Every structure is written in C-alpha cells, then in structure tokens.
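Engineer: Dropping the structure in here first, questions after.
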Amino acid sequence: MTQITATTKEAYKLIHKGALAFGRAERQGFRIDVEYCQKKKEHLSRKIAHLQKKLEETKLIKTWKESIKGQINTDSNHQLAHVLYNVMKITPPKTTKSGKGATDEDALTQINLPGIQLILQIRKLRKMRDTYLDAFLREQTGGYIHPFFNLHTVRTYRSSSDRPNFQNIPKRDKEAMQICRRALFPRPGHQLLAVDFSGIEVMIAACYHKDPTMLSYLEDPHSDMHGDMAHQIFVLDEYDAEIEKAGGLKKIPEFKVLRNATKNGFVFPQFYGDYYGNNAVSLACEWGKLSKGKWKKGQGLPMPDGHLSDHLIKNGIKSFDQFTEHMKKIEEDFWDRRFAVYGQWRKDWVKEYQKKGFFDMHTGFRCKGVMSRNEVCNYPIQGAAFHCLLWSFIEVDRIMQEEQWDSRLIGQIHDEMLLDVHPDELEHVTRTIQKVTCQDLSKAWPWIITPLEITNSLSPVDCSWGNMEDIDL
DNA sequence: GGAACTCGCCAC
DNA sequence: AAACGTGGCGAGTTCC
C-alpha cells in the first residue's frame with residue numbers, strides 16, 4: 001500500500017486546518033426539500049413500474065423466464081449476462097475486468113435487442129432514486145444534509161466525501177441533474193455560489209514539468225491546445241481559410257464537436273497515461289461514429305462538406321486500422337516533439353522514483369510504496385491540484401469567520417467550492433474568493449508558475465442547485 | 001446473517 | 001512491455 005506522509009510542517013498544518021474548515025462546512029450542511037424528494041421518489045417508482053410492465057411483454061423476458069430456475073430478477077446483471085451470452089449465444093461486445101461478458105450501457109447498446117433499451121432506462125431511473133434521492137432522505141436531519149469530507153482516505157491526498165457522497169451528484173446528464181439537484185437549496189433568501197478552478201490539473205502539471213510549449217498555451221488566452229490537436233488529428237489543413245474567417249475552430253459547429261472529441265478522447269486520456277490504441281477507438285468509434293473495419297463514404301460525424309469518413313478517406317485514412325496507425329504517430333509527435341519537455345519529465349520522474357522509492361509533491365507530501373508508472377506521474381499532480389482548493393477553502397473559511405459573514409461554505413468537489421450566500425454579501429464574497437484563489441495562493445506557494453483562473457456560477461435567490469448559471473464578474 | 005466480492009455508474 | 005488517475009455507493013451474489 002502506498003504510504004503518504006507530510007514532510008513539511010506546512011503540509012501537516014494544511015491537513016489539520018482543512019479538517020477544521022471542512023468540519024464547519026459539515027456542521028452547516030446543505031438545505032434539502034424533503035417533500036420534493038419523497039414526491040419525486042414516488043414519481044420515479046411509478047415510471048419504473050411502468051417500464052417494468054413493458055419489459056415483461058418482450059421476447060427477451062420470455063427467454064429469460066425459460067432459462068432461469070425459480071424467480072427471475074430483471075435487476076440482476078448476472079442473470080442478464082447468462083441469458084444474452086449463454087442462452088441466446090450472443091457474442092459479448094466486451095468483457096468485464098474479470099473476463100466475463102459485460103452488461104454495461106456500452107455493451108447493451110451494441111446488442112440492441114427489443115427490451116434492452118427498457119433495461120437501460122430502468123437502470124438510470126433506479127440510480128437517481130436509490131443512490132441519490134433515497135440517500136438524501138436517509139441522511140437528512142431537520143431539512144439539512146451534512147455530507148462528510150474526508151482527508152485521510154485517498155491515496156493521492158485528495159479528499160473523499162460520504163454520508164451522502166457530495167462529490168458525485170449528476171451534472172452532465174441534464175435530466176438526472178435536474179431531478180437530483182432540484183432537491184438541494186440555499187437557506188431561505190439566499191443563493192448558491194459555486195467557484196471552480198479552470199483546468200487546475202493541467203496548470204499544476206505544468207508547475208512540475210515546466211514544458212515551454214505547454215506554458216505558452218496556458219499563459220496565452222488566445223491559444224487553443226485542444227483545437228490545435230483536433231486540427232492535427234483530423235487533418236483539417238484544407239479548412240484553414242474557413243477556420244480563420246470564422247475566428248477559430250471552436251466557432252464552426254462541426255469542428256467544435258471534433259475539438260471536444262480530441263479533448264476528451266485524446267488529450268486528457270494521454271495526460272492520465274492512456275495510449276493511442278484506446279484513443280483510436282474513442283475518437284473514431286465513440287465520438288466519430290465510425291466502424292472498426294474499412295470505411296465507406298458518407299459515414300460518421302457531419303463535416304462542412306460531407307461526412308467524417310469522406311474527409312479521412314480523401315486524406316489517405318481509409319479504415320479503423322489505418323486510423324490507429326495514424327494515432328500512433330500523433331502520440332509520438334505529441335510526447336517527442338510538441339511536449340518533449342513534459343515527455344522527458346515523465347521519464348525522469350519515474351526513474352527518480354524507482355531509484356529513491358518515493359517522490360515528493362510540491363505541497364510537501366511524500367508518497368512511498370509500490371506504484372505503477374501512471375500512478376507515479378498522476379498522484380503528485382492530482383494531489384497538489386486538490387491542495388490548491390484546500391488552501392483556498394481554509395482561507396475563505398478563515399475570512400468568513402473573521403468578518404462574520406452571514407454567507408457560509410457548505411461543500412467542495414475537488415476543484416470547486418460551494419457557498420450558501422446572502423445576496424447583499426455576494427459581491428464581497430466573490431471578490432474575496434477571486435483574491436484568495438488567483439492572487440494570495442500563488443504568493444503563498446511560489447512553485448505555482450502558471451496563472452490560476454476561476455469561474456463562478458450562481459443560482460437565483462431561493463432557487464435550487466439545479467438552476468445554476470455562469471456569471472461574469 | 002453478515003462480510004467480501006463483482007459490476008455498474010455517478011463525480012472530478 | 002504495457003496500456004486511464006482518484007473516489008462512494010447500490011444491488012446482486014458468494015463465501016464463511
């Protein structure tokens with residue numbers, strides 16, 4: 001097991017002060033609409049029962065009943081895998097870690113039998129009801145939940161949260177987000193304010209490797225790393241005039257999708273230690289909507305003048321295998337040329353760890369024990385990035401008490417802090433946090449050589465966490 | 001009857 | 001040579 005220790009007095013203090021600041025947020029709690037949770041739970045239960053009834057009428061369930069002794073359970077993935085892969089003899093689209101046929105969303109979508117969609121819909125609704133609304137009701141007392149924030153559980157010296165977990169409430173799926181976050185409110189007459197660091201892990205990584213190309217990307221607000229990578233991966237040279245005219249890749253909807261795919265299917269996975277093989281599947285199949293075989297014309301995502309397959313074929317990439325080869329070259333170029341200093345840092349950092357048996361974070365924590373290459377490269381970044389939030393949280397908490405704010409810190413999600421603010425204090429609170437996060441922190445920790453930026457989002461007075469809107473200050 | 005496991009899925 | 005980092009948690013299942 002990896003052991004982590006504070007090697008500096010400052011690191012030791014950070015944890016102690018952090019525990020106290022989190023304790024105050026825990027005691028404060030997050031106001032919850034109990035009646036809404038109960039009503040929504042019943043509503044979801046009715047919906048689930050309805051879908052269950054429809055599921056009962058499918059051929060899949062008929063086969064299921066014939067092949068299972070005793071009571072069938074449509075919530076059992078074990079039984080589902082048996083029916084699909086043993087009885088119906090379908091080839092599993094993918095396997096689980098332990099080598100059995102997978103029944104996750106990705107696998108089931110590829111099978112796409114009548115009834116499969118119903119199972120997936122039921123899963124989503126059950127997740128909302130059982131993992132979130134149920135937990136809120138179970139944990140609430142006096143109309144408030146008091147999520148815990150732990151500083152002693154995570155290998156990288158991040159935090160975790162439980163009872164209930166405040167750090168995994170739905171956000172990306174808009175329907176699930178609304179249903180779950182609609183349960184949580186500021187105190188009467190107050191607003192919710194969320195402040196998060198923009199790209200903090202990339203910023204902190206650069207404080208270790210100091211790659212000049214990366215530093216200029218981070219310092220120049222007009223540069224666009226993901227856009228440049230999308231341009232290279234999808235060979236967009238022929239559109240240069242068009243992109244120039246639009247004022248950037250992001251301004252053309254078709255290319256914005258490719259940029260997003262690049263960011264989430266190549267750049268970030270590469271930073272975490274992924275390789276071109278997985279990237280190729282993610283980019284071509286999941287994002288690009290292309291097949292794993294030879295490509296035909298008119299397939300995949302739309303382009304300004306046709307489809308993705310047309311464009312790639314024209315540029316000599318005619319199949320998934322050729323795209324994989326292409327991605328191999330992109331990866332080499334990424335680490336050996338574009339970010340050569342970053343690439344060398346990773347090699348040196350691992351070598352140094354192998355020699356010493358430990359490494360130190362910028363924030364004064366030492367990690368020792370047996371770790372993989374990816375762990376050795378990721379931990380110091382993930383840990384120190386969270387410590388930026390922790391330091392800021394402690395400082396905001398201190399000022400909040402000293403100035404006797406009515407506003408309160410109520411939680412934190414790794415790179416974001418959440419406050420329940422009085423409207424009259426909003427401007428002062430946001431200014432204070434801006435100063436703490438973007439100025440004071442960098443002064444306190446001179447190893448931070450990248451600009452730190454935050455974004456704010458706000459709910460209207462008396463509106464729920466499902467109503468956050470970005471604000472400029 | 002509870003501990004420990006697998007699987008799936010939510011967040012950063 | 002290998003191949004995505006960190007968590008919590010619910011349900012089902014298996015082990016003791």
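The values are calculated or read from the model by the stated rules, or taken from the named source; none is laboratory data. Being a predicted model, the structure only gives us computed values, none of them experimental. All Cβ positions, glycine included, derive from the backbone under ideal geometry; neighbour counts span all protein chains shown.
Engineer: Those residues that are farther than 14 Å from A:Gly29 by Cβ, surrounded by 13 or more Cβ atoms within 10 Å (Cβ to Cβ) and without any contact (Cβ under 8 Å) to a residue 60 or more places away in the chain, I need them from the range A:151-168; list them, please.
Structural biologist: Hits for the range A:151-168 are A:Val154, A:Ser160, A:Asp162, A:Asn165.
Engineer: Here's a check for you: in the range A:45-77, which residue that is under 28 Å from the mean Cα position of the chain (by Cα) and free of Cβ contacts under 8 Å to residues at least 40 places away in the same chain is farthest from DNA strand B (Cβ to nearest atom)?
Structural biologist: A:Ser76
Engineer: For A:Ser98, all conditions in the list (1) among the small types (Gly, Ala, Ser); (2) exposed (fewer than 13 other Cβ atoms within 10 Å of the Cβ); (3) at positive phi hold save one; what is the number of the exception?
Structural biologist: (3)
Engineer: Can you say whether A:Leu249 is away from DNA strand B (no atom under 13 Å from the Cβ) and either at pLDDT 95 or above or hydroxyl-bearing (Ser, Thr, Tyr) (or both), as far as the supplied structure shows?
Structural biologist: Here the answer is no, as A:Leu249 does not meet what is asked.
Engineer: Same structure again: Determine the pairs where a residue that is under 21 Å from A:Ser309 (Cβ atoms), located within the range A:257-284, has a partner that is more than 8 Å from DNA strand C (Cβ to nearest atom) and not in a helix (DSSP H, G or I) with Cβ atoms under 7 Å apart, the partner being 6 or more residues away or on another chain.
Structural biologist: A:Val257/A:Leu301; A:Leu258/A:Phe234; A:Ala261/A:Gly288; A:Ala284/A:Leu290
Engineer: Checking A:Cys180 against (1) surrounded by 13 or more Cβ atoms within 10 Å (Cβ to Cβ); (2) more than 10 Å from DNA strand B (Cβ to nearest atom), which test does it fail?
Structural biologist: A:Cys180 satisfies all of (1) surrounded by 13 or more Cβ atoms within 10 Å (Cβ to Cβ); (2) more than 10 Å from DNA strand B (Cβ to nearest atom) except (2).
Engineer: Would you be able to tell me the number of residues in the range A:351-395 that are in contact with a helix residue (DSSP H, G or I) (Cβ under 6 Å, 6 or more places away or on another chain), β-branched (Val, Ile, Thr) and either surrounded by fewer than 21 Cβ atoms within 10 Å (Cβ to Cβ) or part of a helix (DSSP H, G or I) (or both)?
Structural biologist: Looking only at that region, the number is 3.
Engineer: Further question: Checking A:Asp406 against (1) of a type outside the set (Gly, Ala, Ser); (2) closer than 23 Å to A:Arg24 by Cβ; (3) part of a helix (DSSP H, G or I), which single condition isn't satisfied?
Structural biologist: It is condition (3) that A:Asp406 fails.
Engineer: For A:Ile330, work out the one condition from (1) touching a helix residue (DSSP H, G or I) at 6+ places or on another chain (Cβ under 8 Å); (2) within 11 Å of DNA strand C (Cβ to nearest atom); (3) assigned to a helix (DSSP H, G or I) it doesn't fulfil.
Structural biologist: Among (1) touching a helix residue (DSSP H, G or I) at 6+ places or on another chain (Cβ under 8 Å); (2) within 11 Å of DNA strand C (Cβ to nearest atom); (3) assigned to a helix (DSSP H, G or I), the lone unmet condition for A:Ile330 is (2).
Engineer: Additional query: If I filter the range A:411-424 for residues that are surrounded by 18 or more Cβ atoms within 10 Å (Cβ to Cβ), at pLDDT 95 or above, in contact with a Lys or Arg (Cβ under 7 Å, 6 or more places away or on another chain) and part of a strand (DSSP E or B), do I get at least one hit?
Structural biologist: There is at least one residue in the range A:411-424 that is surrounded by 18 or more Cβ atoms within 10 Å (Cβ to Cβ), at pLDDT 95 or above, in contact with a Lys or Arg (Cβ under 7 Å, 6 or more places away or on another chain) and part of a strand (DSSP E or B).
Engineer: How many residues, within the range A:355-397, are free of Cβ contacts under 8 Å to residues at least 24 places away in the same chain and out of contact with any strand residue (DSSP E or B) (no Cβ under 8 Å at 6 or more places or on another chain)?
Structural biologist: Selection size over the range A:355-397: 3.
Engineer: Now for a different question. Considering each residue of the range A:254-306, count those that are among the hydrophobic types (A, V, I, L, M, F, W, C) and farther than 18 Å from A:His326 by Cα, and give that number.
Structural biologist: 6
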